[in-house]
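So the structure is just underneath, and the comments pick up after that.
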Amino acid sequence: MPKELIVVGWMERVSLPGLGLHDIKAKVDTGARTSALHADRIETFERDGARWVRFRVQHDGTKGRVVTEHPVHDIRSIKNTSGVPEDRIVIRTDLLIAGHRWRIDLSLADRANMRSAMIVGRTALSAHNVAVHTRRVKLRQKPATPPAGRERDLS
């Protein structure tokens with residue numbers, strides 16, 4: 001049975017519930033392979049024999065900065081907006097967009113000079129039958145955090 005087509009605008013409000021971040025302004029960018037979240041004060045550390053990362057996020061939903069910790073999934077060479085490769089920490093967490101939820105790989109990067117705190121890249125979209133409307137923003141008016149029991153887990 002074919003998956004439901006999810007159509008989103010090129011700018012949407014998303015949530016990262018595993019990080020406690022909701023209603024984030026995100027650019028949906030099929031030109032970017034990997035999703036990225038603006039973070040600063042990024043530092044790795046060991047916890048119970050595993051590598052973790054602590055970082056700070058400017059969160060417009062709380063109008064302040066949030067410090068969070070998460071297990072490190074990978075360290076990858078990822079091209080920045082200028083096309084220059086840089087090593088980035090990648091975490092694996094849930095993305096909530098347009099009332100749908102699934103796990104994505106998310107790199108941590110300094111996006112201070114960018115218009116949106118987050119980029120949702122094509123790898124996060126491709127397995128979930130998502131189409132991007134290039135002339136519309138906030139196409140899906142469903143809240144980024146749906147009422148309890150209403151979100152659809154597409155993992």
Hey, could you check region 124-155 for residues that are surrounded by 14 or more Cβ atoms within 10 Å (Cβ to Cβ) and at pLDDT 80 or above and say which is farthest from PRO17 (Cα to Cα)? ARG136
Kindly indicate the residue of region 57-70 that is within 21 Å of GLY121 (Cα to Cα) and in a strand (DSSP E or B) and also modelled with the highest pLDDT among those meeting that condition. HIS70
Residue in region 91-117 that is farthest from the chain's Cα centre (by Cα), counting only those that are surrounded by fewer than 22 Cβ atoms within 10 Å (Cβ to Cβ), part of a strand (DSSP E or B) and not aliphatic (A, V, I, L, M): HIS100
ALA32 fails exactly one of (1) among the hydrophobic types (A, V, I, L, M, F, W, C); (2) surrounded by 13 or more Cβ atoms within 10 Å (Cβ to Cβ); (3) in a strand (DSSP E or B), namely (3)
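It is to be established whether one or more residues within region 41-49 are surrounded by fewer than 16 Cβ atoms within 10 Å (Cβ to Cβ), acidic (Asp, Glu) and under 17 Å from ALA112 (Cα atoms).
There is no residue in region 41-49 that is surrounded by fewer than 16 Cβ atoms within 10 Å (Cβ to Cβ), acidic (Asp, Glu) and under 17 Å from ALA112 (Cα atoms).
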Selected residue [under 17 Å from VAL132 (Cα atoms) and acidic (Asp, Glu)] from ASP29, ASP48: ASP29
If we keep only residues of region 6-29 that are small (Gly, Ala, Ser) and surrounded by 15 or more Cβ atoms within 10 Å (Cβ to Cβ), then the residue farthest from the chain's Cα centre (by Cα) is GLY9
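The values are calculated or read from the model by the stated rules, or taken from the named source; none is laboratory data. In this text, all values refer to a predicted model and were calculated from it rather than measured experimentally. Using ideal geometry, Cβ is built from the backbone for each residue, glycine included, and neighbour counts are taken over all protein chains shown.
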